[in-house]
Amino acid sequence: MAKEKMTVTLDPSTLADIDADARQAGLNRSEFVERALRREHYRRLLERVSRPTPDAAEERQLRDLLSWQRNPS
């Protein structure tokens with residue numbers, strides 16, 4: 001995938017935190033920031049999607065399934 005360069009200005013402490021997190025994740029700074037921006041983008045997309053509201057029968061079925069998962073015997 002083709003990539004484009006961008007410039008971002010950050011406080012030194014923020015940059016140090018990003019570098020530490022990237023190292024811990026086994027990524028370089030660019031990879032870490034790209035993943036963080038992508039996650040934020042998808043998080044915002046998901047916020048815009050309305051969740052379906054189950055009717056009473058569907059809700060009862062879901063609750064029964066959750067109860068069964070807790071006590072499968």
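The values are calculated or read from the model by the stated rules, or taken from the named source; none is laboratory data. Here the structure is a predicted model, which means the values were calculated and not measured. Only protein heavy atoms, including side chains, enter the accessible area calculation; ligands, DNA and RNA are left aside. Shrake-Rupley method; radii C 1.70, N 1.55, O 1.52, S 1.80 Å.
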Complete set of residues in segment 21-55 that are open to solvent by 70 Å² or more (accessible area, probe 1.4 Å) and small (Gly, Ala, Ser): SER30, SER50
Residue check for LEU45: in a helix (DSSP H, G or I), among the hydrophobic types (A, V, I, L, M, F, W, C) and under 18 Å from the mean Cα position of the chain (by Cα): yes
Filter pass, THR9 being open to solvent by 100 Å² or more (accessible area, probe 1.4 Å) and among the polar types (S, T, N, Q): yes
